[in-house]
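Input: a single structure, listed below in structure tokens.
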Amino acid sequence: MIDIKLLLHLETFLTDRRKEKFVKILSQRTKHFTVATEDVYQLHNTSAVMRSCDVFGIQELHIIEEQNSKDIDREIAMGAQKWVDLKRYNSVNDTIKGLKANGYQIVATTPHEKDSVLSEFDVTKKSCFFFGRETEGLSQEVIDEADCFLKIPMVGFTESLNISVSAAIILHDVTTKLKASDVAWQLSEEEQLEKRIDWCKKTIKSYDQVIERFYEEQ
């Protein structure tokens, strides 16, 4: 249950502009789509994917680190790590099980004989887009568990894209179509309130002291 009194108190420490921005951005956030990266080698690629999630309104990013474990590059993420919910895993299998239990179809973004092209992707289905390692691509485990395969049509000599570029292209396309659809894609009211509190926490200096004084006065 959201403590509305606490939220209103915390927002007194924000400027009106910041409060309005939180509400506006949260109205465009979604969990209908999410993203997972699998053992990406280059730190800047994961950071750039997180930045794209923020830009296109994807609230959650799942990072699988069975082989590679690194911190997000704050400079490249441009602060996105404050606004996007980062979920880290050390098991592909656990990640997929959890996502499927939450109603997501697993979308493998990799060339495959059963590929669907981006223009034909069904945005009405709750989906997690998986992106693999820079050279090897997605693991066989993801391929075997995938519900569908997605590719970006390419007409040049180069037959691959950097994963951060691929993520940006796909997320722009699917979120644009999603917002033009009849799908109820937005965060619930409770989820939006939860994020307003979370974002206040990440914005207000001396947050712990503010909280302590608030409860002392109750």
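The values are calculated or read from the model by the stated rules, or taken from the named source; none is laboratory data. Computed from a predicted model, the values in this text were never measured in an experiment. Ideal geometry is used to build each Cβ from the backbone, glycine not excepted, and the neighbour counts take in all protein chains shown. What goes into the accessible areas is simple: the full protein's heavy atoms, side chains included, and nothing from ligands, DNA or RNA. Shrake-Rupley method; radii C 1.70, N 1.55, O 1.52, S 1.80 Å.
Summary of values
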quantity: Residues (open to solvent by 80 Å² or more (accessible area, probe 1.4 Å), modelled with pLDDT under 90 and under 20 Å from Gln105 (Cα atoms)) located in the range 135-151; calculated: Lys151
quantity: Residues that are more than 26 Å from the chain's Cα centre (by Cα) and aliphatic (A, V, I, L, M), drawn from the range 175-218; calculated: Val210, Ile211
quantity: The range 38-63, subset assigned to a helix (DSSP H, G or I) and either touching a Lys or Arg at 6+ places or on another chain (Cβ under 6 Å) or basic (Lys, Arg) (or both), residue modelled with the lowest pLDDT; calculated: Leu43
quantity: Pair list, Cβ under 9 Å, 6 or more apart: the range 152-173 residue of a type in the set (Asp, Glu) and open to solvent by less than 50 Å² (accessible area, probe 1.4 Å), other residue at pLDDT 80 or above and part of a helix (DSSP H, G or I); calculated: Asp173/Leu118; Asp173/Ser119
quantity: Selection within the range 78-98 - over 19 Å from Thr175 (Cβ atoms), at pLDDT below 90 and in a helix (DSSP H, G or I); calculated: Gln81, Lys82
quantity: Residue in the range 177-184 that is touching a Lys or Arg at 6+ places or on another chain (Cβ under 7 Å) and closer than 30 Å to Leu14 by Cα present; calculated: no
quantity: Residue match in the range 172-187 (condition: assigned to a loop (DSSP other than H, G, I, E, B) and closer than 15 Å to Thr37 by Cα); calculated: no
quantity: Of residues in the range 1-37 being farther than 20 Å from Ser127 by Cβ and in a loop (DSSP other than H, G, I, E, B), the one most open to solvent (accessible area, probe 1.4 Å); calculated: Met1
quantity: From Lys201, Lys177, residue being buried (at least 16 other Cβ atoms within 10 Å of the Cβ) and at negative phi; calculated: Lys177
quantity: Output for the range 104-128, where each listed residue is under 18 Å from the mean Cα position of the chain (by Cα) and either surrounded by fewer than 12 Cβ atoms within 10 Å (Cβ to Cβ) or part of a strand (DSSP E or B) (or both); calculated: Gln105, Ile106, Val107, Ala108, Thr109, Ser127, Cys128
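Residue by residue, here is whether (1) in contact with a Cys (Cβ under 9 Å, 6 or more places away or on another chain); (2) farther than 19 Å from Cys53 by Cβ holds:
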residue: Ala146; (1), (2): no, yes
residue: Pro153; (1), (2): no, yes
residue: Asp173; (1), (2): no, no
residue: Leu178; (1), (2): no, no
residue: Val183; (1), (2): no, no
residue: Tyr207; (1), (2): yes, yes
residue: Ile211; (1), (2): no, yes
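Here is a yes/no grid of residues against (1) small (Gly, Ala, Ser); (2) without any contact (Cβ under 8 Å) to a residue 60 or more places away in the chain:
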position	(1), (2)
Lys100	no, yes
Gly132	yes, no
Gly137	yes, yes
Asp144	no, yes
Thr175	no, no
Val183	no, no
Gln186	no, no
Glu191	no, no
Ser206	yes, yes
